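Worksheet: the structure to be examined is printed underneath.
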There are 2 protein chains.
Amino acid sequence: MAVQRYIFDVWSKTAESFGYERYDASVLEPSDLYKAKGAENEELVNEQTYTFTDRGDREVTLRPEMTPTVARMVAGRRRELSFPVRWYSIPNLFRYERPQRGRLREHWQLNCDMFGATDYTADVEIIALAHAIIKNFGANDTMFEIRINNKELAQETIKKIASEEGEYLDEEQIKKVIRLMDREAKLSAVEYLDQMSKIVPRDVANSLCETTLEEVSKLMENVPSYQNLIEIGKGLASLGIVTKLDSHLVRGFDYYTGTIFEIFDVSGQNNRAMLGGGRYDNLTEMFGGEPISGIGFGMGDVTMRDFLETHNLLNANSTAPTLMIIPTDPTQNLEAQKIAQQFRHNADIAVAVDISTKKIGKKISDASEKMVEYVLVVGEDEVRDNQYTLKHLHEDNKKTGDITTLVAHFRD
Amino acid sequence: MAVQRYIFDVWSKTAESFGYERYDASVLEPSDLYKAKGAENEELVNEQTYTFTDRGDREVTLRPEMTPTVARMVAGRRRELSFPVRWYSIPNLFRYERPQRGRLREHWQLNCDMFGATDYTADVEIIALAHAIIKNFGANDTMFEIRINNKELAQETIKKIASEEGEYLDEEQIKKVIRLMDREAKLSAVEYLDQMSKIVPRDVANSLCETTLEEVSKLMENVPSYQNLIEIGKGLASLGIVTKLDSHLVRGFDYYTGTIFEIFDVSGQNNRAMLGGGRYDNLTEMFGGEPISGIGFGMGDVTMRDFLETHNLLNANSTAPTLMIIPTDPTQNLEAQKIAQQFRHNADIAVAVDISTKKIGKKISDASEKMVEYVLVVGEDEVRDNQYTLKHLHEDNKKTGDITTLVAHFRD
């Protein structure tokens, strides 16, 4: 819990430093929200989500992702909002899948989105925000890699490579190629080529598997989506952020329409993207009205934690109180509570009272184990003389005086 | 969302100042967890919760309360924990009920519990924590009332009143009387007496409805549970906290065994308890092993908000960035992003860039409406001369200089 709160804290502070405002929604959504995106989504909803029928005979789903929810919220309030809208959320998401490294049935995800801005500097900003988050955990630029591409460019590149071989691919084939490319890292080179050959003619498959980034760049240099991507890369470079154009990056979700990006741990310990996102210019359309352009990303707490652990960056604070008041026996418990109250009111520190029936020595060693910093013993003599000793548990440091003096010691 | 975050913030800061540590659990629990508490709970689970069968054929429930979950967690780790354990959580809870004032199908609730302490000062502390939370929202003691009672005392009082009339009541009758007493505020005096007469003989019913607090006090003064309650009241008084003994307070949940308490808004605007809790010494027993005593309370975000609104205490901060950078036209967008980055890195403030295609005047009025404090316009002239004007939107206050100077203005 301490780790999770540390992660959420860095996430929210960084998002807010870029002017993103927090939103939330219920974890329970109408299932239609996820089916609306197409027939293959209906299958996904039925097989990979927690979907139920409630007492009111509504089909409901524990949200597997946040983007459809936020798209609905923005579309529903389009008249009241002043664009660009910058929003973030830290929802818990559910998937009915076999749990595995980096992927649990329930996890939490930071979602940052900007709506209503089509300028390339929106893409620059959202990637700069993703970069700032990783940096704010204390990572340095050698630990991770930002890969960027453009969904339209990827589609056009596939078409172009096919046409160089004298073949024409239809929309359905291109979708299938993209979905296979998304799984490339999970397949051997032979399996990949083999599966590619089942979608497109053999010579096109060969070409798709062998074309290098340099060849793609040369082939596509006059295409607007390529130029846009280069401009984004240059914009990020001017902010000191290095990115890597990756022509194999496609992202699984069908709804991306422009820039797509992922951040990877380069240690080799964690194979999943830590963060992924992109531009989607049509998603609000299904809620009626003009489409509103959006760009955003999601990053999970599980992959984030794996990254931080791998690089020794986990830095959660102790959640123990600063001071433990230790009554020598139960007759001093109330006096100890009164003293605790004085520290809370006047020194603004976290204070607990050990009102167990354990012996003093055990109470002190328990406090030490919990990472409490200070203890103060309350016994008959201390109360009678109004003289208490504040003792640091991990340093050779103690101070004796009345409560007012000891409270002042903390306050000042 | 800003209101909710403000409420959560006061909740967590106050709980932590008393040494309570945060925990959480999944919102999805096995339904058995709620049925275990008895046959009438099975009915409650079936009728008033979101209960489903998942793909693995498990019966699961969206948690309607947090106490069974935390009892299971503590019981499961009893050997590793050093008692007393002080824990808090802010879970969302689901009930399948008709939504009404102060009661929604999904709401969030602060839960604070202490485990493994039977001393009366544990009860004093938990009620002092509840009191400190309300005070930390800026409330004064005239706005609310803390009512206390003891579940065992209530049961014994009912028995005693009956025996004074020469009648003996069995456990089942006493349970029914308690459940009716819990609904007293919702019934007229006639209805209440009428329903009471259906559970117990008429003369006992009369006596139960008419006995005053003074009479109860006299009748029960030698009973240990009464003496314990008085001691708790005195302990709280010594911390400056006024409570009111309320012999009609019973609390609905069957699992309470000792002290019970509620906090009420006295304005007359909000009839539901803002907060309720009590001591339960048997709840961990159903997970095996020795029972661990617990005492705790829950308070909901909806009733909390109603109270704060009624007393004009709602105090949520603006969530807008401190500074909006306003490029005069899209060619300045990237330069504006670079300037924003300098403010974030070197002055640690929240900064956004208005990269929309609106006119400058509209961008400034939008920033003002969002409650942004400062704007800084970035145009061709400003960039060429490296001279920018930082303008306060709500005060007559501006400052011109290069970016380094303006950043330093914020930092210092």
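Bear in mind that the values in this text are calculations on the coordinates, not laboratory data. Treat the numbers as computed from the prediction; the structure is a model and nothing was measured. Heads up, the Cβs are rebuilt from the backbone with ideal geometry, glycines too, and the neighbour counts pull from every protein chain shown.
Worth pointing out:
- For the protein assembly as shown, convex hull of alpha carbons as volume per residue, Å³: 198 Å³
- Given charges at Cβ of Lys, Arg, Asp, Glu: the protein assembly as shown dipole, positive-most of B:228, B:28, B:71: B:228
- Expressed in units of 2.2 N^0.38 Å, where N is the residue count, the Cα radius of gyration of region A:114-165 is 1.61.
- Cα radius of gyration and Dmax for chain B (Å): 28.1, 98
- Helix-derived mean residue ellipticity, 222 nm - over chain B, DSSP H n ≥ 4, -39500 (n - 2.57), to 500: -13000 deg cm²/dmol
- Positive-end extreme of charge dipole, the protein assembly as shown - chosen from A:288, B:355, A:87 (charges on Cβ): B:355
- Farthest toward positive dipole pole in the protein assembly as shown [+1 Lys/Arg, -1 Asp/Glu at C-beta], among B:392, B:247, A:400: A:400
- Think of each Lys and Arg Cβ as +1 and each Asp and Glu Cβ as -1; about the Cα centre, that makes the dipole of the protein assembly as shown roughly 500 debye.
- Here residue A:191 yields copy-to-copy label distances, from shortest upward, of 6.7 nm, the label point defined as 7 Å from Cα along Cα to C-beta.
- With one equal scatterer per alpha carbon and no solvent term, the Debye-computed log10 I(q)/I(0) for region B:45-138 at 0.10, 0.19, 0.23 1/Å reads -0.39, -1.06, -1.19.
- Sorting the segments B:376-384, A:84-92, B:255-263 by their mean number of nearby beta carbons within 10 angstrom, highest to lowest, gives B:255-263, A:84-92, B:376-384.
- Under 5 Å, built H, 5+ apart or other chain: amide partners of residue A:50: A:62, A:96
- Here residue B:35 is the anchor, and the lysines within straight C-alpha reach of less than 23 Å, apart from those fewer than 8 places off in the same chain, are B:151, B:175, B:176.
- Ranked by the mean number of other Cβ atoms within 10 Å of their residues, highest first, the peptides B:281-291, A:324-334, B:365-375, A:113-123 fall in the order A:113-123, A:324-334, B:365-375, B:281-291.
- Student exercise, region B:85-219 dipole from Lys, Arg, Asp, Glu Cβ charges, in Debye to nearest 20: 780 debye
- Nearest-first distances (nm) between copies at residue A:360, label 7 Å from Cα via Cβ: 7.3
- Cα long-axis angle, helix B:151-164 against chain B (0 to 90 degrees, to the nearest 10): 30 degrees
- Computed across region B:243-322, the Kirkwood hydrodynamic radius from all distinct Cα-Cα pairs reaches 15.2 Å.
- Kirkwood analysis of region B:252-385, using all unique Cα-Cα pairs, places the hydrodynamic radius at 19.9 Å.
- Nearest-to-axis residue in chain A, judged by Cβ distance to the rotation axis that brings A onto B and given in whole Å, is A:52, 2.
- Kirkwood analysis of the Cα pair distances in region B:185-280 returns a hydrodynamic radius of 15.5 Å.
- Whether region A:330-390 is rounded, prolate or oblate, judged on the alpha carbon gyration tensor where a/c under 1.5 counts as rounded: oblate
- Cβ neighbours within 10 Å from other chains - mean over B:13-26: 5
- Per-residue mean of C-beta atoms belonging to partner chains within 10 Å, peptide A:123-131: 2
- Averaged over A:343-354, number of beta-carbon atoms from partner chains that fall within 10 Å: 4
- The Cα-based radius of gyration and maximum Cα-Cα distance (Dmax) for region B:103-228 are 17.7, 51 Å.
- Counting only aspartates and glutamates at least 8 places from residue A:198 when in the same chain, those with an alpha carbon closer than 18 Å to its own are A:165, A:167, A:170, A:171, A:172, A:182, A:184, A:210.
- Here the 3J(HN,Hα) profile of region A:55-62, calculated from phi with Karplus coefficients 6.51, -1.76 and 1.60 at θ = phi - 60°, is 4, x, 6, 9, 8, 10, 10, 6 Hz, Gly and Pro shown as x.
- For region A:315-354, alpha-carbon Rg and Dmax in angstrom: 11.4, 40
- A point 7 Å from Cα along Cα→Cβ stands in for residue B:54, and the other copies hold the same point at 1.9 nm, listed in rising order.
- Contact order normalised by residue count of chain B, Cα under 8 Å, 6+ apart, percent: 16 percent
- Eligible lysines near residue B:391 by straight Cα distance, threshold 25 Å, same-chain separation 8 or greater: A:13, B:338, B:358, B:359, B:362, B:363, B:370, B:399
- Ratio of Rg to Rh for region B:277-349: 1.42 [Cα atoms; Kirkwood radius as inverse mean 1/r over pairs].
- The charge dipole of region A:41-126, taken about its Cα centre with unit charges on the Cβ atoms of Lys, Arg (+1), Asp and Glu (-1) only, comes to about 260 debye.
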